[in-house]
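Encoded as structure tokens, the structure appears first; notes follow it.
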Amino acid sequence: MGGAVLLALLLGLAAAVNPVLGVGTFAGLAALVAFTRSGVVAVCTFTALTYGDVVTEYTGPALSPLKLAGGALILLAAVSLALHRRRATSGIAGDPVAELLANQSPGWRQHPLTVALVVGFVGWALASAAWATDLTQVKSLTMRLLTDALVFLAVPVFLRSTRHLRLLGWTALAGGTLSALYGVVTHANLAGRSIGTFTDPNEFAAALVPAMAFGLPLAESSNSVLARWAGRLGVATCLAGVLASGSRGGLLAMVVAFTLVLLGSRGRERVRLTGWTCMAIACGAAWLVLTPAGSTIAARLSDHDSSGRAELWTVAVRELKSEPVHGVGLGNYPVVSKYFVDGLANQDLFLRDARTTHSTPLELLAELGIVGIALYYAFIAACISAGIRATRLARRLDDPHLAAAARGIVAGILAAISATFFLSNQYQELTWVLCGACIAAYTVARRQAALVDARALLEADLVDEPGDVDTGVRATLRAAG
């Protein structure tokens, strides 16, 4: 009791001296307590903070809440795995069904290729220091990639059920909705383009589309009428935010997202989604044509001006041709771009303000070569494959809630990847979270399938004596309900 009083006094004093510091400290302590009680809270909090770039303006990049939440998530996952290894498994050894059901690890034994690919990609990025011009860029960006990879590995540690996966989806949709509403309320924009809680309209749109793709299947598969309408309103808000951002990549990703969600739906859900999609297209077109703000965005989208992307992409291709196998080194595209500007009309774009390529595939090719881009997209493909298998398995199990979550995750990843064709966004934390969620979805689906198989074994009475059934399977079935 005395410690709690002392802590309250210290927090009050900190708030009096610096309100931001006091409130931030309180929020951090509250989050730490919540994290230790539930790893799912840690994953969802980290996901929500991916939509809070504006908070960094008050805390600074070194004390970014997203970095602190990511560090806490990784640490908790490591502790959880360490404790799991010490957990006794007596009575179930030798029975694969019982072992699978009792095992609460992320199931990496079923995904060795995915783990090898992510380790290989991070390792290749670090190895690029051997030939890079600027080692500082390689070190800083490799640390960011390593953090993203560890978050990817940590997510499946805590997402262990359909409810956890759906909670993650609702968190992403809520984060995107609040970000879009913040842009409307505060009139946050950059050159007339909405940025929400971000600092760049393209990044803003790239974050909203995965939230829409993940959230829409969850809303339509919900048993609650209130939840369905809340999800639809959230998706509509995110859609308005993408249109207001004027992002070409965001519009491309939105088309991909709606297409995938429609193709993945079945029966009445497909009819409903088709109707809502047609309504969304009509409302979006009316806004672009009939409103002054929409007309401005429409004029920008139809403008042939590439905003310098043509020159940026030309330099990326030249860098790739100079070092096709290993590239110029992670983060070194803007460093060496000035040596590849001969013949370009807008050379000042590279000499005064060196920038990224505004295209993830081209940036990966220029900086890490053919090897780097092959490792990255092979990793993404492996995660998507796990999500697709989870969807199919959930449908065979007649579990619409798990199927909706799994296909929403897959649609979210593909939408995010589509947006990166016009944006250098390979470090976006949300994409890595969704990749980890794909692995988690497949693990959940396999456990549920094993549970069904074990129940069928007992109900079919395939053994002569009930006592012949493995006691570990019986104990696991009783625990699983």
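Derivation of every value follows stated rules applied to the coordinates shown; laboratory data play no part. Not measured: the values here are computed from a predicted model. Using ideal geometry, Cβ is built from the backbone for each residue, glycine included, and neighbour counts are taken over all protein chains shown.
Look at 75, 263 and count the other Cβ atoms within 10 Å of each Cβ; fewest to most, that gives 263, 75.
Past the 30 angstrom mark, what percentage of all C-alpha to C-alpha distances in region 97-474 do you count? Working shown, then result.
Details: 32420 of 71253 pairs.
In whole percent, the long-distance tail amounts to 45.
Normalised by residue number, the volume inside the convex hull of the Cα atoms of region 310-431 is 90 Å³ per residue. Fewest neighbouring Cβ atoms within 10 Å first, the residues 44, 383, 438, 278 line up as 278, 44, 383, 438. Taking the number of Cβ atoms within 10 Å of each Cβ as an exposure proxy, the fewest-first ranking of 321, 67 is 321, 67.
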